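Laboratory data are not the source of any read-out in this text; all were calculated from the coordinates shown. Quantities reported herein were computed from a predicted structural model and do not represent experimental measurements. Every residue, glycine among them, receives a Cβ derived from its backbone with ideal geometry; neighbour counts consider all protein chains shown.
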Amino acid sequence: EAGVVQSPRYKIIEKKQPVAFWCNPISGHNTLYWYLQNLGQGPELLIRYENEEAVDDSQLPKDRFSAERLKGVDSTLKIQPAELGDSAVYLCASSLVASGSIGELFFGEGSRLTVL
Amino acid sequence: KQEVTQIPAALSVPEGENLVLNCSFTDSAIYNLQWFRQDPGKGLTSLLLIQSSQREQTSGRLNASLDKSSGRSTLYIAASQPGDSATYLCAGPYNAGNNRKLIWGLGTSLAVNP
């Protein structure tokens, strides 16, 4: 069974440029998460989807970050424009849970963003 | 506010030792707990999930226990190997307003020396 797939693995851009990350969750998983992880820190939730619905986007910086999961399967996270402080690893995770619950999470390899 | 502490922050042991990693929550009202492993530059790999109805889970040389009354979990690694070198993180859900969120520890960085 394929795991969570993320792309690109690495991205280097100049500040003020846009960037997009893609995630394909494990087949059948209804819940998808985007996390941000800085070096030496635990993951920080950006947004959580249950199927197509963003059920928790309270920590997504909406002035520059956006996300979508149009068909309830794969998802895209976009940053426009990127700032120096956005340099981090962007992790996608998926799980199969009842609404409102949190079950076992499975993570992708992450997308490492460097903003120059 | 729920907070998670992982002790120790770093650990270096010779190969073959049995070791214990600790994870504690300020609010013991957690209903499950998950342990992850993270290798440098990689994503997180799920190791063990302890459900609310369980007290421990085992997978190979790993055993994780959960004491909900005290809000503590322990990850026991038996006969450690150099390949076990990684950062180990624990995470548990808690209620934050209308949402249930995962809260994470900062991890224990483990080095197993041959």
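Just so you know, in region B:36-62 the residues that are within 11 Å of chain A (Cβ to nearest Cβ) and among the hydrophobic types (A, V, I, L, M, F, W, C) include one that is surrounded by the fewest Cβ atoms within 10 Å (Cβ to Cβ), and it is B:49. Scanning region A:48-81 for residues that are closer than 23 Å to residue A:112 by Cβ and among the β-branched types (Val, Ile, Thr), we see that the one that is surrounded by the fewest Cβ atoms within 10 Å (Cβ to Cβ) is A:76. Pairs linking a residue in region A:37-50 that is more than 10 Å from chain B (Cβ to nearest Cβ) to a residue that is surrounded by 14 or more Cβ atoms within 10 Å (Cβ to Cβ) and part of a loop (DSSP other than H, G, I, E, B), with Cβ atoms under 7 Å and 6 or more positions apart or on different chains, are A:46/A:59; A:46/A:60; A:47/A:57; A:47/A:60; A:49/A:69; A:50/A:30. On the basis of being surrounded by fewer than 19 Cβ atoms within 10 Å (Cβ to Cβ), in contact (Cβ under 8 Å) with a residue 40 or more places away in the chain, away from every other protein chain (no Cβ under 13 Å) and of a type in the set (A, V, I, L, M), does residue A:84 make the cut? Spelling it out, residue A:84 is indeed surrounded by fewer than 19 Cβ atoms within 10 Å (Cβ to Cβ), in contact (Cβ under 8 Å) with a residue 40 or more places away in the chain, away from every other protein chain (no Cβ under 13 Å) and of a type in the set (A, V, I, L, M).
Within region A:47-58, can you find the residues that are of a type outside the set (Gly, Ala, Ser) and either closer than 15 Å to residue B:103 by Cβ or more than 12 Å from the chain's Cα centre (by Cα) (or both)? Matches in region A:47-58: A:48, A:50, A:51, A:52, A:53, A:55, A:56.
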